[in-house]
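First up is the structure itself, then whatever we jot down about it.
The values are calculated or read from the model by the stated rules, or taken from the named source; none is laboratory data. No experiment lies behind these values; they were computed from the predicted model shown. For neighbour counting, all protein chains shown are included, and Cβ atoms are generated from backbone atoms with ideal geometry for every residue, glycine included.
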Amino acid sequence: MEKKNLDWANLGFGYMKADYRFVSNFKNGAWDEGVLTDDDKVVITECAGVLHYCQSCFEGLKAYTTEDGHVVTFRPDLNAKRMEDSCRRLEMPVFPAERFVEAVVETVKANLAWVPPYGSGATLYIRPYMFGSSAVIGVKPAEEYQFRILVTPVGPYFKGGAKPITIRVTDYDRAAPHGTGHIKAGLNYAMSLYPIMDAHRQGYAENMYLDSATRTKVEETGGANFIFITKDGKLVTPKSDSILPSITRRSLLHVAEHYLGMEVEEREVLLSEVSDFAEAGLCGTAAVISPIGKIVDHGKDICLPSGMENMGPVLTKLYDTLTGIQMGRIEAPEGWIKKIA
Ligand code: PLP
Ligand code: COI
């Protein structure tokens with residue numbers, strides 16, 4: 001199979017139309033078999049539930065070319081499970097987990113020419129998503145849904161790759177207690193667009209959201225969880241019911257503990273203790289691990305000792321081990337790697 005002629009090493013995190021996508025429709029209480037199609041257009045009624053009441057959710061995972069030339073994906077069963085949770089909370093029908101994983105595999109297989117080569121620094125981003133496709137005018141769930149998977153080759157989420165970023169503490173809230181912060185609902189991202197653009201206009205790469213009830217605890221950013229390294233080398237990550245349970249973060253906790261012999265703590269993290277950490281980073285499928293050099297809290301700079309030049313030593317070890325597992329250089333825990341080709 002011949003690869004597409006792309007400048008793999010210089011891809012940004014953007015959308016590029018690949019050859020095939022997966023589409024399945026939910027009608028009369030059941031999902032159809034689903035097909036791969038070369039048609040990237042979605043045609044729905046002007047009154048579709050997604051267009052008015054934002055009934056949509058999505059997932060994000062990646063396919064990697066391994067050192068020995070295979071194509072694999074990372075823990076797709078956890079994305080399937082998290083999408084089930086999103087669907088339940090949004091009164092949407094669940095797309096069965098086994099079929100979710102099969103559909104991911106099929107979609108990547110159909111687009112192997114788009115999977116970036118090993119060593120290029122790029123990966124194939126896989127975006128499963130679902131939306132209410134039938135008409136609703138009163139506030140209620142749609143009766144029909146579409147589940148789709150698109151893929152697109154991507155480079156680093158933040159410009160500069162592993163260069164530390166500067167973020168700010170924002171006064172906007174991302175999620176309410178007992179709201180939808182713990183699921184991957186499109187609506188969570190719609191409301192983050194103004195704060196992120198405002199952050200960019202002020203020169204920050206991202207927002208640090210605090211818990212909206214007390215505004216004292218660190219939650220997450222618009223698209224990634226936080227991880228912190230203490231001065232004595234412990235991994236600390238915020239525990240909250242209103243953040244997205246990141247698969248990368250859950251994997252990093254395992255890697256830290258079982259591969260690197262580190263102590264790990266998932267607990268409430270106060271904004272007031274952030275200045276005591278040695279290293280800080282964002283973690284997620286898109287972000288992988290992005291180091292944070294500085295956090296600006298209403299004019300006060302919190303400078304991480306790891307600095308603005310390079311990722312700190314502990315995050316680097318975590319990054320190397322996680323990506324080593326994903327790219328087949330390091331043996332993965334049982335069940336983490338799904339071989340596609
Ligand atoms: N938090 C938010 C709000 C996200 O959108 C994402 C991305 O999926 C993450 C965290 C990281 O989650 P994961 O590691 O499963 O990609
Ligand atoms: C991901 O990391 O997969 C995300 O969905 C984050 C962002 C692109 C919204």
### Query
Do we have residue 254 as more than 14 Å from ligand 2 (Cβ to nearest atom) and either modelled with pLDDT under 95 or within 22 Å of residue 158 (Cβ to Cβ) (or both) here?
no
### Query
What are the pairs, 6+ residues apart or on separate chains, where a residue within segment 62-81 that is closer than 13 Å to residue 332 by Cβ and aromatic (Phe, Trp, Tyr) has its Cβ under 6 Å from a residue that is outside any loop (DSSP other than H, G, I, E, B) and modelled with pLDDT of 95 or more?
64/72; 64/123; 64/326; 74/326
### Query
Quick one: which of 10, 28 is farther than 28 Å from residue 117 by Cα and surrounded by fewer than 16 Cβ atoms within 10 Å (Cβ to Cβ)?
28
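Strands (runs of 3 or more DSSP E) wholly in segment 23-89 with at least 3 residues that are closer than 21 Å to residue 338 by Cα and at pLDDT 95 or above - which ones? Spell out the reasoning first.
Details: elements: 35-37, 56-58, 61-65, 71-74.
Hits in segment 23-89: 61-65, 71-74.
Within segment 35-56, is even one residue within 16 Å of ligand 1 (Cβ to nearest atom), within 12 Å of residue 147 (Cβ to Cβ) and surrounded by 11 or more Cβ atoms within 10 Å (Cβ to Cβ)?
Quick first cut of segment 35-56, residues within 16 Å of ligand 1 (Cβ to nearest atom) only: 54, 56.
This time we only want the ones that are within 12 Å of residue 147 (Cβ to Cβ), so: 56.
From the residues that got through so far, the ones that are surrounded by 11 or more Cβ atoms within 10 Å (Cβ to Cβ) too are 56.
Checking segment 35-56: at least one residue is within 16 Å of ligand 1 (Cβ to nearest atom), within 12 Å of residue 147 (Cβ to Cβ) and surrounded by 11 or more Cβ atoms within 10 Å (Cβ to Cβ).
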### Query
If only one of 214, 170 is of a type outside the set (Asp, Glu), in contact with a helix residue (DSSP H, G or I) (Cβ under 6 Å, 6 or more places away or on another chain) and at pLDDT 95 or above, which one is it?
170
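Yes/no matrix, rows are residues, columns are (1) farther than 20 Å from residue 210 by Cα; (2) within 21 Å of the chain's Cα centre (by Cα); (3) away from ligand 2 (no atom under 16 Å from the Cβ):
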| position | (1), (2), (3) |
| --- | --- |
| 244 | no, yes, no |
| 248 | yes, yes, no |
| 271 | no, no, yes |
| 300 | no, no, yes |
| 308 | yes, no, yes |
| 311 | yes, yes, yes |
| 320 | yes, yes, yes |
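Show me the strands (runs of 3 or more DSSP E) entirely contained within segment 261-341 in which 2 or more residues are touching a residue at least 12 places away in the same chain (Cβ under 8 Å) and buried (at least 17 other Cβ atoms within 10 Å of the Cβ). Can you show your working first?
Numbers: elements: 264-267, 279-284, 288-297, 300-303, 337-339.
Correct list: 279-284, 288-297, 337-339.
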